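See structure below.
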Amino acid sequence: MRRALLTYVAFLALIAIGVTALIVTRYPIVLNGTEAWGGIVALMVLTLLAEGLGVRMSAGRAVFSVALIPTVAIVPLYGPSVAVLATALSHLVAQAIILKKHPVKAAFNVSQLTLAIGVGSVVYRALNGPVFYWLGNVGFRFVPVLLPLLGLIITYFIANMALVSAVIALDSGKRVQDIWLELGPVAFANELASSSFSLFVVFAFAQLSVAGPIVVLLPLFFVHHAYNVQFKLLKQNKEILELLVKTIEAKDPYTSGHSMRVATLCRDLATALGVPSHKVEEIETAALLHDIGKIDFAYAELISSPSKLTEAEREIIRSHPDRGARLLASISSLSRNVLAAVRHHHEHYDGGGYPDGLSGEEIPLAARVIMVVDTVDAMLSNRPYRAALSPDKVTAELRRFSGRQFDPAIAAKFIEMGMVQRAAHRAAMDRTPLPLLQVVPREHVSVS
């Protein structure tokens with residue numbers, strides 16, 4: 001890992017220790033009887049179970065689980081001091097023993113979770129949030145908890161997202177704001193839902209003692225597990241599709257890695273455009289599969305031809321979007337939006353594309369995103385009829401065809417985000433040396 005990343009994690013761990021010490025000094029720990037200790041242990045055990053059921057979301061790095069539910073519930077039940085200590089201990093055990101994380105990753109996760117819940121619990125108390133120290137029948141009421149709990153969740157969300165975004169940015173080179181756009185909506189929805197369930201956990205404690213959270217959370221764990229199984233199946237399906245795409249592209253060294261690069265850049269571009277996370281998933285999937293219609297060997301022969309294509313050969317090439325959409329229609333897990341994006345990814349913004357001559361916003365957003373990224377990657381890659389273009393030349397072509405071939409807003413965002421240079425770097429990593437042959441120029445350098 002880079003030194004900056006290690007320094008950041010070490011600094012964060014020291015801050016977490018300091019904040020924990022300050023909270024424990026400021027807020028008293030009041031525990032009366034074995035039932036109070038039993039409740040804390042029950043919530044910590046539920047936290048460990050929830051951590052083991054974590055689901056990896058679309059960002060590929062962040063993990064969201066139902067562990068926030070018992071963690072948040074500790075705050076109104078036992079106060080900030082117990083909350084930070086229980087959070088630190090339970091997540092340390094989860095990260096090191098259950099999930100077996102790398103020490104640096106474990107240190108970061110424990111530190112940022114402890115900090116986030118610590119700051120959130122202080123805000124909870126500052127908003128006069130009641131603390132129902134376990135004394136038997138606590139006389140729980142929802143109303144006094146609602147506003148302080150909302151303050152806790154919002155504070156937790158901001159702290160958590162800031163710390164996670166910073167570490168992902170250091171590790172991946174992405175911009176912090178892009179990570180917020182990608183993770184933020186999912187994280188906030190997850191935390192709002194968790195806070196709602198936390199209320200019921202506190203209420204269940206008041207009514208059923210230690211058995212309360214078990215009654216409330218066990219059904220949720222089963223639902224979570226079912227979702228996790230479904231998620232893994234979807235992930236396996238995606239991996240199979242990726243293998244199929246790689247197999248198709250392996251027939252032509254000039255397009256090797258093309259669809260994977262396009263999918264990654266389309267995901268980044270869609271995120272930068274502020275597209276909702278579930279739509280980003282669809283765009284990434286469609287981008288991965290956009291050239292699936294070229295599975296026939298006849299396409300590979302035409303694509304690798306160094307000579308100018310005849311009109312009949314051009315018509316064959318132009319049939320691949322429709323062919324791809326029809327092939328993918330047999331896969332029930334793919335949405336109509338994915339099929340439409342595959343079918344229309346060669347439509348031009350001015351209506352001069354194919355297969356249906358759509359124009360402007362008649363073209364699905366996903367198809368307009370793929371058109372930009374697909375064309376850029378094609379221009380940055382070696383082809384039998386020309387060498388790869390420079391990033392400056394590609395940028396000039398994007399501007400030249402903006403409003404004609406490309407959606408002008410999407411092309412402008414691609415340039416503004418510096419994605420031409422990023423695409424050039426990725427294409428160079430996969431680049432095949434151009435063979436010694438007679439280069440025959442074509443009419444459009446932007447045809448992939």
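The values are calculated or read from the model by the stated rules, or taken from the named source; none is laboratory data. As the structure is a prediction and not an experimental result, all values here were calculated from the model. Note that we place each Cβ from the backbone using ideal geometry, even for glycine, and neighbour counts take in every protein chain shown. When the accessible area is computed, the model is the full protein with side chains, heavy atoms only, and any ligands, DNA or RNA have been set aside. Shrake-Rupley method; radii C 1.70, N 1.55, O 1.52, S 1.80 Å.
Computing FRET efficiency as 1/(1 + (r/R0)^6) for residue 25 and residue 175, where r is the C-beta to C-beta distance and R0 is 51 Å, gives about 0.85.
Ordered from highest to lowest accessible area with the whole protein assembly present and a 1.4 Å probe, 37, 180 read as 37, 180. The mean sequence separation of alpha-carbon pairs under 8 Å and at least six residues apart, normalised by the residue count of segment 330-407, gives a relative contact order of 29 percent.
Approximating the spin labels as points 7 Å out from Cα along Cα→Cβ, the residue 392-to-residue 154 distance works out to 5.0 nm. Going down the list 174/294; 279/393; 105/174; 393/413; 105/413, which pairs span over 28 Å between their C-alpha atoms? Beyond 28 Å: 174/294; 279/393; 105/413. Among 22, 77, the sequence by solvent-accessible area, most first, with a 1.4 Å probe is 22, 77. Residues 78, 8, ordered by accessible area of protein heavy atoms at a 1.4 angstrom probe radius and largest first, appear as 8, 78.
Rolled with a 1.4 Å probe across the full set of protein chains, the surface gives residue 174 an accessible area near 50 Å².
Placing R0 at 41 angstrom, the Cβ-Cβ distance between residue 126 and residue 409 gives a FRET efficiency of 0.45 after rounding to 0.05.
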